[in-house]
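The values are calculated or read from the model by the stated rules, or taken from the named source; none is laboratory data. Not measured: the values here are computed from a predicted model. Here the Cβ is made from the backbone with ideal geometry for all residues, glycine too, and neighbour counts use every protein chain on show.
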Amino acid sequence: MALVRNQVVSLTVTTITPLHIGTGDRLAANLDYYVDGDATLVINADAALELVVETWQQRRVPYEEQLRRFNAELAQEEERIRRADERLRRQIEQFEESPPRRKDEYERQANRFREEAQRLKERKQRLAEHSANPPQPDDTGDLLPPELIAGSTFDQLVDGGLLPRDRLRERATVNGRPLVRYALNGRPASGEVYEQIKDVADRLYLPGSSLKGAIRSALAWDMAHSPAVAALQHAVKGGPKNADDAIEQEVFLGTLRTQRRINNTVRDVLRALRIGDSAPVAVAPDLLAVRIYRSRSAQGLIALEAIPVDVEFRAALQIEQYPFESGVARAVIDFGDWQRRLQPDELAAACRRRAGRLIDGELAYFNRQTDAAELVRFYADLRARLERMDARAFLLPIGWGAGWRSKTLDDRLRQGTDRDNAFAQIVQRHTLKKHKSAGFRPGDAFPETRKVIMRGALPWRPLGWVEARFDLNGER
């Protein structure tokens, strides 16, 4: 039996707008990062801890020196008390030898001597108590600085000198580990910063799962011209995790040619499409301020890391041929015309069609706003860019903030009265408009908000748009 070779194609992806794919974690002020002027330094906590302990130990006074200083302070205080005591005795002797004639003056000086004697007595008591508590030797190798035991934050450690600011600024290493993992330009718009996914060396990359998910969404929209109303009713009745199962099965599942029960994962044609993670790039993330545009309940800015504009990634796309070319495989599952649809030019064309509809929808949305001229200009330029593309290039919206429309069948869900009615029920059942869901009716606008990057007080750019290109010269 002849071996079936898979088709492997190189894929180049370039960011058009900043792109955020999150880790699910948020960086906390002065626990994960420290703001130094107009720079935000993401700190290696382990290296910082080592440096704090090292600095503290260097500052510590040896026990012998502590004891010497203690005894010297005692001797100085004893001498000061002795001199004060002698001075008071002489003054009292002079007073007794030549007492004032006036009674009031006599009483005044006598009271002063009594008060001074009381103060000397108290000083002697304090000296005795202090001398009974000399410094004790300790195991300096095992103790932590009191500041760490008390839970000090980065800013407190910097202000206290235990985490030297100059070591942060010079990007020092501590026992071979960088003190600052990476630096962001600017100051966060809020205390928590949504973290961008990176590799173990803190380098940016594009996960293959994110690329494949964006392509899958585009293919689903392109194929599902008129999703069955029954599939939408399944979404109404099902839970949020499996609401789209019936629609996805309608689009992506191959036809069984056997009586055997086969898992739907095996029947999903896109198991034949594999996209690996991109190679990492040594570029620092951007620090963005994002707003949920036109939201009345979420007015605050969101701080997040993102891949900057014009960063280029390279990945490999593999199309498995066995499900389409093996007679044994085709006797079990028939995938119809999907071998052609998964060819690079066909994939690119489907993604361009989807991008075109998304762009038109966003243009219509932002044209209705009074403060979104920059976004209208951006989407008009993006539409022109799309129209200039050749057969191997396409646009994709990827990651957090790319929008509900890009990750769903969008307008396909609302074609015709029956579908629009079913969609209204989906919004109500799954509370897609949160507290406003119960009042949602067929024909109402959805979604009403967008996540946008802010420049000052005005919306500037959407998140997540990339240009992708297949390199068929590198096909193997």
### Task
Please tell me if E448 is touching a residue at least 12 places away in the same chain (Cβ under 8 Å), more than 25 Å from D286 (Cβ to Cβ) and assigned by TED's automatic domain parsing to the domain that holds K407.
yes
### Task
Please tell me if R377 is under 24 Å from L432 (Cβ atoms) and at pLDDT 95 or above.
no
### Query
On the given criteria, is T449 within 17 Å of I292 (Cβ to Cβ) and in contact with a Phe, Trp or Tyr (Cβ under 9 Å, 6 or more places away or on another chain)?
yes
### Task
Mind listing just one residue for me: the one in region 245-261 that is in a loop (DSSP other than H, G, I, E, B) and touching a residue at least 12 places away in the same chain (Cβ under 8 Å) and, of those, surrounded by the most Cβ atoms within 10 Å (Cβ to Cβ)?
G254
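Residue by residue, here is whether (1) among the polar types (S, T, N, Q); (2) out of contact with any Phe, Trp or Tyr (no Cβ under 6 Å at 6 or more places or on another chain) holds:
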{"position": "S10", "(1), (2)": "yes, yes"}
{"position": "P18", "(1), (2)": "no, yes"}
{"position": "L31", "(1), (2)": "no, yes"}
{"position": "T40", "(1), (2)": "yes, no"}
{"position": "N44", "(1), (2)": "yes, yes"}
{"position": "V52", "(1), (2)": "no, yes"}
{"position": "E65", "(1), (2)": "no, yes"}
{"position": "E73", "(1), (2)": "no, yes"}
{"position": "E78", "(1), (2)": "no, yes"}
### Query
Can you tell which of G464, G403 is under 19 Å from G361 (Cβ atoms), modelled with pLDDT under 95 and touching a strand residue (DSSP E or B) at 6+ places or on another chain (Cβ under 9 Å)?
G403
### Message
Take the residues in region 409-434 that are under 18 Å from D222 (Cα atoms) and not aliphatic (A, V, I, L, M); name whichever of them is surrounded by the fewest Cβ atoms within 10 Å (Cβ to Cβ).
### Response
G416
### Task
Residue by residue through region 1-23, note down the ones that are small (G, A, S) and touching a residue at least 40 places away in the same chain (Cβ under 8 Å).
S10, G22
### Query
Does L386 satisfy the condition of being in contact with a Pro (Cβ under 6 Å, 6 or more places away or on another chain), closer than 24 Å to I307 by Cα and in a helix (DSSP H, G or I)?
no
#### Entry: For D418: the one exception among (1) outside any loop (DSSP other than H, G, I, E, B); (2) under 30 Å from A289 (Cβ atoms)
(2)
### Task
Pull up region 204-214, narrow it to residues that are touching a strand residue (DSSP E or B) at 6+ places or on another chain (Cβ under 6 Å) and within 19 Å of P18 (Cβ to Cβ), then point me to the one that is surrounded by the most Cβ atoms within 10 Å (Cβ to Cβ).
L206
### Summary
Flagged in region 285-341 as polar (S, T, N, Q) and under 30 Å from V251 (Cβ atoms), in numbering order, are Q318, Q321, S326, Q339
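Conditions tested, residue by residue: (1) small (G, A, S); (2) under 24 Å from T431 (Cα atoms).
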residue	(1), (2)
S209	yes, no
S217	yes, yes
D222	no, no
L232	no, yes
A235	yes, yes
G239	yes, yes
E248	no, yes
### Task
Check N473 against each of (1) farther than 25 Å from Q369 by Cα; (2) modelled with pLDDT of 90 or more; (3) polar (S, T, N, Q) and name the one condition it does not meet.
(2)
### Summary
If you go through S437, S406, the only one that is in a helix (DSSP H, G or I), of a type in the set (S, T, N, Q) and buried (at least 19 other Cβ atoms within 10 Å of the Cβ) is S406
### Summary
Within region 39-97, residues of a type in the set (V, I, T) and touching a residue at least 24 places away in the same chain (Cβ under 8 Å) come out as T40, V42, I43, V52, V53, T55, I81
## Note on the structure
Counting only residues in region 262-275 that are loosely packed, with under 15 Cβ neighbours inside 10 Å and not polar (S, T, N, Q), the one modelled with the highest pLDDT is identified as R271
### Task
Give the residues of region 452-472 that are touching a residue at least 60 places away in the same chain (Cβ under 8 Å) and either among the aliphatic types (A, V, I, L, M) or not in a strand (DSSP E or B) (or both), sorted by residue number.
V452, I453, M454, L458, L463, G464, V466, A468, L472
### Task
Please give the strands (runs of 3 or more DSSP E) falling wholly within region 262-364 in which 3 or more residues are aliphatic (A, V, I, L, M) and not assigned by TED's automatic domain parsing to the domain that holds T408.
286-293, 302-306
